[in-house]
1. Give me the one-decimal nm value for the distance between modelled label points at residue 64 and residue 79, 7 Å along each residue's Cα-to-Cβ direction.
2. Non-local amide H neighbours of residue 232 (under 5 Å, H modeled in plane, Pro and chain starts lacking H): which ones?
3. Which whole-number value in Å² is the accessible area per residue of the stretch 68-184, probe 1.4 Å?
4. If one computes the Cα centroid of the stretch 35-106 and of the stretch 107-163, what distance in Å separates the two points?
5. Please give the peptides 84-90, 248-254 ranked by average Cβ packing (other Cβ atoms within 10 Å per residue), highest first, as a rough proxy for protection.
6. Can you give me the Rg/Rh ratio for the stretch 173-212, using Cα atoms for both radii and the Kirkwood formula for Rh?
7. Give me the number: length gained by fully extending residue 259 to residue 132, i.e. 0.36 nm times residue separation minus the C-alpha to C-alpha distance, one decimal in nm.
8. Please work out the ratio of the alpha-carbon Rg of the stretch 117-266 to 2.2 N^0.38 Å and round it to two decimals.
Amino acid sequence: MRQINFSLPGLHCLLEVTRESPQAREQDVWSEFRRHNVVFDGPHKDWRSAMAAADGYDAPAILAKVVEATRAVVQGRAAYERDTVVFTEKSYSHPLLAWLLYVASRSDLQLRVVDFGGALGSSYFQHRSALAHLAELKWCVVEQPHFVSAGRTEFEDEGLSFSDSLDEAIDRVKPNVVLLSGVLQYLEYPLEYLEGLLSKGIKFILIDRTAAQFDVAAAPFVQHVPTWIYSASYPVWFLNANAMQDSFAKHGYEVLDRFQPAGTFGSVMPPPLQELKRWGIGVTPAPQQHEWPYVGWFLEKLEVSQCA
């Protein structure tokens, strides 16, 4: 590729000249994009076929990166972490924080959270300072056994604990809210798990950062994580939000809030191609890129009225 600089009155121009075909250039952009971004392949026929095309969730690199990132937060070298990526400036998930504080306000400033799929306490450490004034703060993360072992060894404190059993965590913590943040889409049977949780009758349920869309059938994909985060791939659902809301109603939960968390799940087109499209230059849509908005819900279990 050659670059040619030239100037016109009041205008400086940079012209790139290449012998590559538009198709080859587009392919180069996609390849570079995949090296630096989370991308999705699919849809697959079913969960098993997606699993067969992926590395899986128990890749050793995942836990090692989560431990490293959480350690940076605990030691004060980072403000918080999400999915092993560390952030140096403090930030909150405002819908999540608002509804946690609401739960505490309904419970004499006591907050007891069971956080299913909460890694090594990502949401706990991110929001702990904003919850420090509460009369009671108990937060139990339910995770895979190897995460639980690492969490108990290094990160448990008077507020944070770990368990590999949802039932054990509920029995021990007596939660007034169960948190599901970015986890349902990674379960093989997400709706069945959701139904089981709803049947337990916990007063409040907070669902955050869930890949779901209305009026679109659920479908399994493979999510590829770039090497700069950690090299791994795993199956993931793009869920149907209608089916989830049907489950809420079936089990007597009222949706107090449906919100859209920050960010999107996936990306349709990398920035260079977006720029071409913006100028009316046609590009081929990539068949392996998908973008869904995150969805969140805050649910309250309705009281059953007693008739005399």
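1. Going from the residue 64 label point to the residue 79 one covers 2.9 nm.
2. 225
3. Values: 5240 Å² over 117 residues.
Heavy-atom SASA per residue in the stretch 68-184 reads 45 Å².
4. With the stretch 35-106 and the stretch 107-163 each reduced to a Cα centre, they are spaced 15 Å.
5. Packing proxy ranking, top to bottom: 248-254, 84-90.
6. 0.96
7. On the way: separation 127, 0.36 × 127 = 45.72 nm, distance 2.51 nm.
Residue separation times 0.36 nm, minus the Cα-Cα distance, leaves 43.2 nm.
8. Numbers: Rg = 16.1 Å, N = 150, 2.2 N^0.38 = 14.8 Å.
Ratio of Rg to 2.2 N^0.38 Å for the stretch 117-266: 1.09.
The values are calculated or read from the model by the stated rules, or taken from the named source; none is laboratory data. Just so it is clear, the model here is predicted, and its values are computed rather than measured. A quick note on method: Cβ atoms are made from the backbone with ideal geometry, for glycine too, and the neighbour counts reach across all protein chains shown. Each accessible area value is taken on the protein alone, full model and side chains, heavy atoms only, with ligands, DNA and RNA left out. Shrake-Rupley method; radii C 1.70, N 1.55, O 1.52, S 1.80 Å.
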